[in-house]
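**Q** Dropping the structure in here first, questions after.
The values are calculated or read from the model by the stated rules, or taken from the named source; none is laboratory data. These numbers come from a predicted model, not from an experiment. All Cβ positions, even for glycine, are placed from backbone atoms using ideal geometry, and neighbour counts span all protein chains on display. With ligands, DNA and RNA removed, areas are computed over all heavy atoms of the protein, side chains included. Shrake-Rupley method; radii C 1.70, N 1.55, O 1.52, S 1.80 Å.
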Amino acid sequence: MVPLSKRLFAEAFGTFWLVFGGCGSAVLAAAFPALGIGFTGVALAFGLTVLTMAYSIGHVSGCHLNPAVTLGLWAGKRFPARDILPYWVAQVIGATVAAAFLLSIANGKPGFELSPSGLAVNGYGPLSPGGYSLYAGFLIEIVLTAGFLIVILGSTDDRSPSGFAPIAIGLALTLIHLISIPVTNTSVNPARSTGPALLVGGLALQQVWLFWVAPLLGGSVGGIVYRLVAGDPPAPPVVGEDLTR
């Protein structure tokens, strides 16, 4: 059993990596003159952050990096309730520190101004890249988070092929972003939404509630659905689900 303090540090750093890499690609590289990576590049960046961290810290903390994943793993009987809140706190801290670093770097460009949609915040209505409504954002966040948890639970199941889970999970997150960047700028992760929103403030912070409620609901649904389809895990619940097993 890895001590809780080490698992929390791993979660904080892993979530930092996810937000710094994913949101950083959106803020610094997506629209770079003539050579911008666009939506596809941002989607791939988010997928790569999870894939690389899964191989790096999966054996330490389970590499959740996401409160919805933590809750979904609990719903799937893969994670103890007592550690949910500490994981959430570590994840939000990591995301907020990443957003602060990203803002500091963005400020290094002459003329930079932090807009209401800056730092790749999530949102609906005026903050949706495609102008989608609250209802559309709520629905897509639930559906995609539920699907994400099913991929995570299925690929890390002892009955699945060993060693490939990080690839499946990283590609799933890439696919999720390819689908939903125009709708909400893609959350499926309350910590990823909270870090940038805390620094941007205003409307982004007012709308962040949706990116807690919908992903947490979707994560719980995904965990329950996987259990109904695949049955309970054959082994007792574990704290550090090694995604590289």
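**Q** Take the residues of the stretch 103-126 that are at pLDDT 95 or above and under 21 Å from the mean Cα position of the chain (by Cα): which is farthest from residue 205 (Cα to Cα)?
**A** Ranking the qualifying residues of the stretch 103-126, first place goes to 103.
**Q** Turning to a different aspect of this structure: Of 192, 159, which residue is out of contact with any Pro (no Cβ under 7 Å at 6 or more places or on another chain) and buried (at least 21 other Cβ atoms within 10 Å of the Cβ)?
**A** 192
**Q** Sticking with this one: Looking only at residues in the stretch 1-19 that are among the aliphatic types (A, V, I, L, M) and surrounded by 19 or more Cβ atoms within 10 Å (Cβ to Cβ), which one is nearest to residue 83 (Cα to Cα)?
**A** Going residue by residue through the stretch 1-19, those that are among the aliphatic types (A, V, I, L, M) are 1-2, 4, 8, 10, 12, 18-19.
With the extra rule that they be surrounded by 19 or more Cβ atoms within 10 Å (Cβ to Cβ), the set shrinks to 8, 10, 12, 18-19.
Details: 8: 10, 10: 14, 12: 14, 18: 21, 19: 22 Å.
Filtering the stretch 1-19 for residues that are among the aliphatic types (A, V, I, L, M) and surrounded by 19 or more Cβ atoms within 10 Å (Cβ to Cβ), the one nearest to residue 83 (Cα to Cα) comes out as 8.
**Q** Name the residue, out of 173, 199, 228, 178, that is touching a residue at least 12 places away in the same chain (Cβ under 8 Å), farther than 18 Å from residue 41 by Cβ and part of a helix (DSSP H, G or I).
**A** Matching residue, one of 173, 199, 228, 178: 199.
Rundown of residues vs (1) surrounded by fewer than 24 Cβ atoms within 10 Å (Cβ to Cβ); (2) touching a Cys at 6+ places or on another chain (Cβ under 7 Å); (3) β-branched (Val, Ile, Thr), yes/no style:
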site	(1), (2), (3)
21	yes, no, no
36	yes, no, no
50	no, no, yes
62	no, no, no
69	no, no, yes
75	yes, no, no
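**Q** Got a sec? Which of 79, 46 is open to solvent by less than 40 Å² (accessible area, probe 1.4 Å), within 19 Å of residue 184 (Cβ to Cβ), touching a helix residue (DSSP H, G or I) at 6+ places or on another chain (Cβ under 9 Å) and among the aromatic types (Phe, Trp, Tyr)?
**A** 46
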